[in-house]
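Here's the structure we're looking at; comments come further down.
The values are calculated or read from the model by the stated rules, or taken from the named source; none is laboratory data. Computed from a prediction, not measured in an experiment: that's the story for all the values here. Here the Cβ is made from the backbone with ideal geometry for all residues, glycine too, and neighbour counts use every protein chain on show. The protein model used for the area step is the full one, side chains on, heavy atoms only, and it has no ligands, DNA or RNA in it. Shrake-Rupley method; radii C 1.70, N 1.55, O 1.52, S 1.80 Å.
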Amino acid sequence: MSMQQIQKQSLADMVAGNLQKQIQESFYAVDSKLPTEPELMKTFGVGRSTIREAIKLLVNSGFLNVQQGVGTFVKSKNGHEHIENTLEKSKLSDIHEVRELLEIKIAEKAAQKRTLKHLKKIEEALAARLAYAENGDIDNCIKADIQFHTAIAESCGNSLLCDLYNVTSEHISKSFSNQYKNTDAFIETHSNHEALYRHIKNKDSKKALKAIEQIIGTF
């Protein structure tokens with residue numbers, strides 16, 4: 001990781017931390033709309049990419065909700081803190097089990113609810129997953145794999161399922177980093193992931209369920 005990436009990440013963390021504190025102290029009330037990106041850039045003295053990364057961090061932690069074309073709104077004063085604390089104390093095998101149960105329901109609903117916009121995002125993550133796997137880039141391959149499944153979760157039409165999945169995914173990502181030292185397993189399971197995408201695209205819930213069960217059985 002370059003010094004520029006480290007600085008950028010730390011700035012995003014700092015901005016996210018300040019915004020989180022303001023939310024928790026009711027400076028921004030639940031359901032209120034955050035200032036625009038240019039306004040936040042001016043307030044914190046940072047660039048657009050830093051603001052977007054900070055917003056993404058707070059969306060993933062349950063504090064904010066982005067409504068495309070409308071704005072960013074405060075979702076909760078506490079975010080996923082309680083769930084995070086519980087997960088930190090949980091066995092990894094239990095976290096895997098919860099994630100597997102979520103994925104099964106998500107795959108079924110995604111096949112029913114997905115839009116063309118969702119499909120594009122899923123397809124892009126799938127292509128990135130394969131490209132990184134073939135290049136032997138395990139770190140980015142894991143990220144792309146998580147992004148693929150997260151994109152499917154976002155398409156399921158249930159924001160709570162999606163939020164729960166996002167929280168567990170952060171822990172699964174760490175587990176994968178410890179478990180996989182090369183991309184062989186990701187190449188071997190690409191056809192299963194491709195099948196899952198295809199069945200969601202074709203709105204075939206039954207086949208999507210079979211595909212996700214096969215994926216779960218190999219990871």
- Item | Conditions (1) part of a helix (DSSP H, G or I); (2) at pLDDT below 90; (3) more than 23 Å from T189 (Cβ to Cβ): number failed by G79 | (1)
- Message: Which pairs turn up if I take residues in segment 173-190 that are in contact (Cβ under 8 Å) with a residue 24 or more places away in the chain and look for partners that are part of a loop (DSSP other than H, G, I, E, B) and open to solvent by 30 Å² or more (accessible area, probe 1.4 Å) with beta carbon separation below 6 Å, at least 6 apart in sequence or on another chain?
- Response: T183/G136
- Message: If I filter segment 104-125 for residues that are more than 13 Å from the chain's Cα centre (by Cα) and outside any helix (DSSP H, G or I), do I get at least one hit?
- Response: yes
- Among residues of segment 131-150, those that are part of a helix (DSSP H, G or I), surrounded by fewer than 19 Cβ atoms within 10 Å (Cβ to Cβ) and at pLDDT 95 or above, counted: 2
